[in-house]
Each structure stands twice: as structure tokens, then as C-alpha cells.
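Note sheet for the following structure.
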Amino acid sequence: MDYEASLDRALSAVPDIESGGDRLSVPDAVAQADGAFTRFNNLDAVADALNRNTDHLHRFLQRSLATSGKLQSGVGRYNGEFAARDFESAVEEYTEEYVRCSECGLPDTRLVQEDRTMMLRCDACGAFRPVQKKSGSATTQQTKNEVEAGETYPVEVTDTGRKGDGVAHRGDYTIFVPGASEGDVVEILIEDTSGNLAFSRLA
């Protein structure tokens, strides 16, 4: 067998290597309406695809969407109405800040803490940079979290007060909801506010 034939045979045995891809395959968000809330049903799978902690992604989503939420069994539940595209846009923003290397563009990175600063280190090219917490716009955040007397809001009762009233939270406000029990999702009317306390009744 001559040299060229041997070389052709050897090359044919080498598997094809994909090029140009970034090796990042993130599943589409699965959104589900849940009363006054929206579930991100496959949040855990998305975080796993990004090789990031689910709670870290969940907290970023709350800031990006300017809302409150809960994480339970890998499912995110957020106050408000959101489409799958809203979740996907927030995930894309998270990916650019906390996953993708700004030098080589690859996702082969990890988050490390150095001198109280969160750093993104790339295992592919060796680059590193600090990451910063991003939040929704100040105007959107204020609109989402403000509580005004005479207005109605959907809330989830998460605690019970000393007098047996339900207790809910919206932004920095603690809201007392007489007649509601822990776990209830209700529509309330704000009757009065005092500092970061609000007093309501069922609407």
C-alpha cells in the first residue's frame, strides 16, 4: 500500500470535528400561566444547560423582570404575566453577562469569587473579567413594586401575622391581608400605608 493510500485511509477514520459552534444548546423556555403568576417550568433544565446554579439564574430573572418570585423543585414562579419570550430574553441577557466569554465568545467559563468580586473565568482562552449584578430599569422596578392606597394588586399570602391575618409581600412592602390564609393567591385592595407596611382587604 503506497503512502497516499495509507494517508487517505487514516484520514477517513478520523471523526469529523464541528467548527464554528459555541457548544451552547439552551432549551426554549416553557411558560405556564398560574393565576396572577407565571411559571418557568423548565428553569432547572435551562440552568443546567448553562452550567450555572438554578438559584443564581432565578435571582437574576427576578431582577431582570422586575418582579418577585419563588423557586421550588427547579420551577420558577413569578408574580405577573410573562410570555416564554420574556423568559428567553432574560436568559439571553444572563448568558452574556454570566456565561459567555467576552474575549473568545465561548461558554466554557466558571464563576469564581476573588477578593469579594465575582469573576467570570474562561477555561478556553484564559480570559477573566468581573461581573456585575444587573437589574431592570429603575422606572420599571418602581412601577412593579410600589403600593398605593386605593389600588388593587394580585398577591400570594406567604405568612401569618400575630393576629391571624395573612401576610403578603410586594417589593419592600409587607402587606396585611385579613381573611386570607398562607398559600392563598388573592386580589387585594390597599386601604392604607405606613412606611413599608400596607393594610388591605380582599377585593
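The values are calculated or read from the model by the stated rules, or taken from the named source; none is laboratory data. Predicted, not measured: the structure shown is a model, and the values here were computed from it. Note that we place each Cβ from the backbone using ideal geometry, even for glycine, and neighbour counts take in every protein chain shown.
For this structure, a couple of remarks:
- Some residue of segment 46-54 being on the phi > 0 side of the Ramachandran plot and either of a type in the set (Phe, Trp, Tyr) or surrounded by fewer than 16 Cβ atoms within 10 Å (Cβ to Cβ) (or both): yes
- Residue in segment 64-86 that is part of a helix (DSSP H, G or I), of a type in the set (Asp, Glu) and outside the structural domain of Val186 (by TED's automatic domain parsing) present: yes
Residue by residue, here is whether (1) touching a residue at least 12 places away in the same chain (Cβ under 8 Å); (2) within 19 Å of Ala66 (Cβ to Cβ) holds:
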residue	(1), (2)
Gly164	no, no
Arg170	yes, yes
Pro178	yes, no
Glu182	yes, no
Glu191	yes, no
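- Test: residue in segment 81-88 that is surrounded by 17 or more Cβ atoms within 10 Å (Cβ to Cβ), modelled with pLDDT of 90 or more, among the acidic types (Asp, Glu) and in contact with a Leu (Cβ under 8 Å, 6 or more places away or on another chain): yes
- Screening segment 60-73 for residues that are modelled with pLDDT of 90 or more and farther than 9 Å from Ala90 by Cα and picking the one that is surrounded by the fewest Cβ atoms within 10 Å (Cβ to Cβ) gives Ser73.
- Thr38 more than 14 Å from Gly80 (Cβ to Cβ), at pLDDT 90 or above, out of contact with any Pro (no Cβ under 7 Å at 6 or more places or on another chain) and in the same structural domain as Ser89 (by TED's automatic domain parsing): no
- Looking only at residues of segment 32-44 that are touching an Asp or Glu at 6+ places or on another chain (Cβ under 8 Å) and closer than 15 Å to Gln72 by Cα, we find that the one that is surrounded by the fewest Cβ atoms within 10 Å (Cβ to Cβ) is Phe37.
- Per this entry, Tyr78 is counted among residues that are in contact with a Gly (Cβ under 7 Å, 6 or more places away or on another chain), at pLDDT 90 or above and among the hydroxyl-bearing types (Ser, Thr, Tyr).
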